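Colleague: This structure is in structure tokens; I'll ask about it shortly.
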Amino acid sequence: MNPTENDIYLDLKEVILAHENRNAFFINGIYYTYLDFAKAISNIRFALKNNTGKIIGIITNDDLETYAAIVAIWFEGKAYVPINPDIPSDRNQNIISEAGIETIIDSSETAVFPNIKAIQSKKIEPVAIDLEPNKIPESELVYLLFTSGTTGKPKGVPISKQNLSGFTKAFWDLGYKINEDDRFLQMFELTFDLSVMSYLIPLLKGSCVYLVPKDKIKYSYIFELMEDYELTVALMVPSILHYLRPYFDEIDLPKMRYSLFCGEALPLDVTTEWSNCLPNAQITNVYGPTEDTIFCTFYDYVRNGQNKSYNGILSIGKSMNYNSTIIIDEENNVLEPGNVGQLCLGGIQLTPGYWKNPEKNKEAFFNILYNNKEERFYKTGDLCKADENGDLLYIGRIDFQTKIQGFRVELSEIEFYAKEFLSKINVVVLTLPDDVGNTEVAMVIESKPFDYKDTIDYMKEKLPYYMIPKKVKFIDTFPLNVNGKTDRKKLEILFID
Ligand code: AMP
């Protein structure tokens with residue numbers, strides 16, 4: 001079966017029109033119907049008519065217009081770049097120029113970027129509803145997201161309509177029975193691709209999306225939403241479970257039907273405790289990088305039985321339909337099950353390649369004969385092994401990429417800005433477990449101690465909040481390991497009180 005034979009835009013149009021009186025979104029205590037959504041989409045489309053730009057920015061506010069902008073951009077045959085107004089302006093300006101954005105849809109009271117053409121989506125005169133999508137080839141882009149890059153510059157990952165259609169089809173093939181009575185959690189910033197699953201899947205079935213606004217304390221608001229509004233589907237990052245763990249005894253969510261986790265390693269012990277909070281839910285660990293459109297492998301947690309795990313981390317399972325996974329050694333040879341190597345991904349969901357970055361593309365993508373035909377694969381940087389049944393066991397990273405509350409972070413990007421400020425002084429950025437067992441950023445500076453407030457202030461101007469070191473230590477000289485490299489393990493010891 002051709003995974004993209006259903007047009008997701010036509011499906012969206014039909015679902016929106018067929019559910020006019022039902023709720024599409026719950027945002028900050030207010031419900032918005034599919035009719036409200038249809039109107040907002042149509043208004044923004046109207047404002048976009050005659051706009052020749054292919055890539056449109058969206059300021060990611062927590063409101064209906066921001067989500068309507070996504071669908072309006074799609075129906076006009078264009079792609080969106082989410083721009084989070086809470087991250088440093090320098091970084092956003094960098095993204096805007098990299099992506100070649102000339103128009104930004106902005107629902108803020110006053111436009112966030114006065115130097116760029118803004119469509120102020122809350123101020124458009126209402127027009128008639130128009131949900132007929134423009135016809136575009138499947139190869140056209142639908143979004144472009146920027147992830148942390150090693151050299152201080154975020155990397156652009158473009159995703160095509162074919163990639164996204166492939167994801168939705170592969171997702172439905174997993175057997176999820178979602179309907180208009182479902183209530184979905186949407187806890188992700190729109191700059192993070194897990195958000196796409198959390199709004200698109202419900203909108204394709206006429207369900208309601210319950211938003212976690214940015215200004216709320218995430219885990220407690222999630223808990224409230226799940227309990228007070230009896231949410232039925234939730235995709236979360238495992239970090240949330242660590243925050244919720246002290247309250248597990250009080251949490252009882254019998255209405256929850258599907259609880260999915262993605263973005264970070266999922267510990268088996270916490271999952272087992274969590275399973276008691278939602279006695280009727282199927283719990284699934286899903287895995288995938290932004291480059292492979294949201295997620296591409298899945299493992300269903302087994303209640304009251306054996307679960308596959310490695311070092312206490314739940315298996316990430318097998319690839320979804322229309323996707324391929326292989327494990328390779330350092331010479332790109334495909335390894336047999338049981339051998340540890342780098343996980344590589346291929347198939348319908350794979351990005352056409354990094355945005356204007358031939359060098360990175362050469363490093364990260366390669367072609368290989370797979371099932372007797374040439375296929376393109378992406379090197380994830382994740383260390384895995386497959387068991388005899390083909391289930392993948394997640395072992396760790398081969399590089400210094402890490403996850404902070406689910407956000408992808410290159411430690412060298414943080415080091416880049418610290419060194420830029422400190423000029424000749426060397427620094428190493430590490431991750432440490434915090435009080436609840438999540439990961440936090442720490443920095444060691446090779447120097448006699450000094451007041452580092454200016455350094456941190458500078459980093460705050462350049463980097464999003466989750467990349468700012470929470471702890472700083474000084475050392476005269478970095479210790480070296482047997483290979484002559486900085487011994488990061490020894491530096492971690494500095495933080496043990
Ligand atoms: P992102 O591009 O932000 O989605 O990050 C992708 C990376 O997150 C992967 O390469 C993994 O290192 C990590 N990741 C995503 N899902 C999982 C999972 N279920 N288990 C372990 N690591 C994961």
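The values are calculated or read from the model by the stated rules, or taken from the named source; none is laboratory data. Everything numeric here is computed off the predicted structure, so don't read it as measured data. Note that we place each Cβ from the backbone using ideal geometry, even for glycine, and neighbour counts take in every protein chain shown.
Colleague: Before we move on, is T151 in contact (Cβ under 8 Å) with a residue 12 or more places away in the chain and either at positive phi or assigned to a helix (DSSP H, G or I) (or both)?
Modeller: Against the criterion (in contact (Cβ under 8 Å) with a residue 12 or more places away in the chain and either at positive phi or assigned to a helix (DSSP H, G or I) (or both)), T151 does not qualify.
Colleague: Shifting gears a bit: Being charged (D, E, K, R), within 20 Å of L231 (Cβ to Cβ) and within 16 Å of the ligand (Cβ to nearest atom) is true for just one of D292, D269, D249, D300. Which residue is that?
Modeller: D300
Colleague: State yes or no: is A40 of a type in the set (A, V, I, L, M), part of a helix (DSSP H, G or I), in the same structural domain as E140 (by TED's automatic domain parsing) and surrounded by 17 or more Cβ atoms within 10 Å (Cβ to Cβ)?
Modeller: Working: of a type in the set (A, V, I, L, M): yes; part of a helix (DSSP H, G or I): yes; in the same structural domain as E140 (by TED's automatic domain parsing): yes; surrounded by 17 or more Cβ atoms within 10 Å (Cβ to Cβ): yes.
Yes.
Colleague: Now for a different question. Within region 156-196, take every residue that is within 13 Å of the ligand (Cβ to nearest atom) and charged (D, E, K, R) and give me the one that is nearest to the chain's Cα centre (by Cα).
Modeller: From region 156-196, those within 13 Å of the ligand (Cβ to nearest atom) are 156-157, 159, 167, 188-189, 191-196; that's our starting set.
From the residues that got through so far, the ones that are charged (D, E, K, R) too are 189, 193.
Numbers: E189: 8, D193: 4 Å.
Among those that are within 13 Å of the ligand (Cβ to nearest atom) and charged (D, E, K, R), it is D193.
Colleague: Listed residues G263, G206; which is in contact (Cβ under 8 Å) with a residue 40 or more places away in the chain, within 16 Å of the ligand (Cβ to nearest atom), of a type outside the set (S, T, N, Q) and within 28 Å of V142 (Cα to Cα)?
Modeller: None of the others qualify; the one that does is G263.
Colleague: Which residue, of L350, L345, L383, is within 27 Å of T431 (Cβ to Cβ) and in contact with a Cys (Cβ under 9 Å, 6 or more places away or on another chain)?
Modeller: L345
Colleague: Can you name the residue in region 306-364 that is within 16 Å of the ligand (Cβ to nearest atom) and among the β-branched types (V, I, T) and, of all such residues, is nearest to E138 (Cα to Cα)?
Modeller: The selected residue is T351.
Colleague: Residues being farther than 18 Å from K490 by Cα and within 23 Å of the chain's Cα centre (by Cα): count how many of those fall in region 417-433.
Modeller: Total satisfying the criteria: 0.
Colleague: When the residues of region 154-176 are narrowed to those that are in contact (Cβ under 8 Å) with a residue 24 or more places away in the chain and part of a loop (DSSP other than H, G, I, E, B), which ends up nearest to A364 (Cα to Cα)?
Modeller: So the residue we want is P154.
Colleague: Restricting to region 134-148, and then to whatever is within 18 Å of the chain's Cα centre (by Cα) and either of a type in the set (V, I, T) or outside any strand (DSSP E or B) (or both), can you tell me which residue is farthest from N51 (Cα to Cα)?
Modeller: Of everything passing the filter in region 134-148, S148 is farthest from N51 (Cα to Cα).
Colleague: Given the criteria away from the ligand (no atom under 16 Å from the Cβ), crowded, with 17+ Cβ neighbours inside 10 Å, within 30 Å of K218 (Cα to Cα) and in contact (Cβ under 8 Å) with a residue 12 or more places away in the chain, does V409 qualify?
Modeller: no
Colleague: Another one. On the given criteria, is I73 in the same structural domain as K13 (by TED's automatic domain parsing), modelled with pLDDT of 95 or more and more than 30 Å from Y458 (Cα to Cα)?
Modeller: Details: in the same structural domain as K13 (by TED's automatic domain parsing): yes; modelled with pLDDT of 95 or more: yes; more than 30 Å from Y458 (Cα to Cα): yes.
Against the criterion (in the same structural domain as K13 (by TED's automatic domain parsing), modelled with pLDDT of 95 or more and more than 30 Å from Y458 (Cα to Cα)), I73 qualifies.
Colleague: So if I check each of N61, N94, N21, N115, which one is outside the structural domain of F416 (by TED's automatic domain parsing), assigned to a loop (DSSP other than H, G, I, E, B) and either within 23 Å of the chain's Cα centre (by Cα) or crowded, with 23+ Cβ neighbours inside 10 Å (or both)?
Modeller: Of the residues listed, the single one that is outside the structural domain of F416 (by TED's automatic domain parsing), assigned to a loop (DSSP other than H, G, I, E, B) and either within 23 Å of the chain's Cα centre (by Cα) or crowded, with 23+ Cβ neighbours inside 10 Å (or both) is N61.
Colleague: Ok, one more. Going by the conditions given, is E440 under 24 Å from D90 (Cβ atoms), more than 16 Å from the ligand (Cβ to nearest atom) and in a helix (DSSP H, G or I)?
Modeller: When the stated conditions are applied, E440 does not pass them.
Colleague: Identify all residues within region 132-148 that are in contact (Cβ under 8 Å) with a residue 60 or more places away in the chain, within 25 Å of A38 (Cα to Cα) and either of a type in the set (F, W, Y) or surrounded by fewer than 18 Cβ atoms within 10 Å (Cβ to Cβ) (or both); write none if there are none.
Modeller: Across region 132-148, the qualifying residues are E132, E138, E140, Y143.
Colleague: Then there's this: Mind listing whichever residues of region 452-497 are among the basic types (K, R) and within 26 Å of the chain's Cα centre (by Cα)?
Modeller: Residues satisfying the conditions are K460, K462, K470, K471.
Colleague: How do the pairs read when you match residues in region 475-497 that are in the same structural domain as I445 (by TED's automatic domain parsing) with residues anywhere that are at pLDDT 90 or above and among the polar types (S, T, N, Q), using Cβ under 8 Å and keeping only pairs 6 or more apart or on different chains?
Modeller: D476/S447; F478/N426; F478/T486; P479/T486; L480/T486
Colleague: Hey, T151 hits all of (1) within 16 Å of the ligand (Cβ to nearest atom); (2) surrounded by fewer than 18 Cβ atoms within 10 Å (Cβ to Cβ) but one; which does it fall short on?
Modeller: Looking at each condition in turn, T151 falls short on (1).
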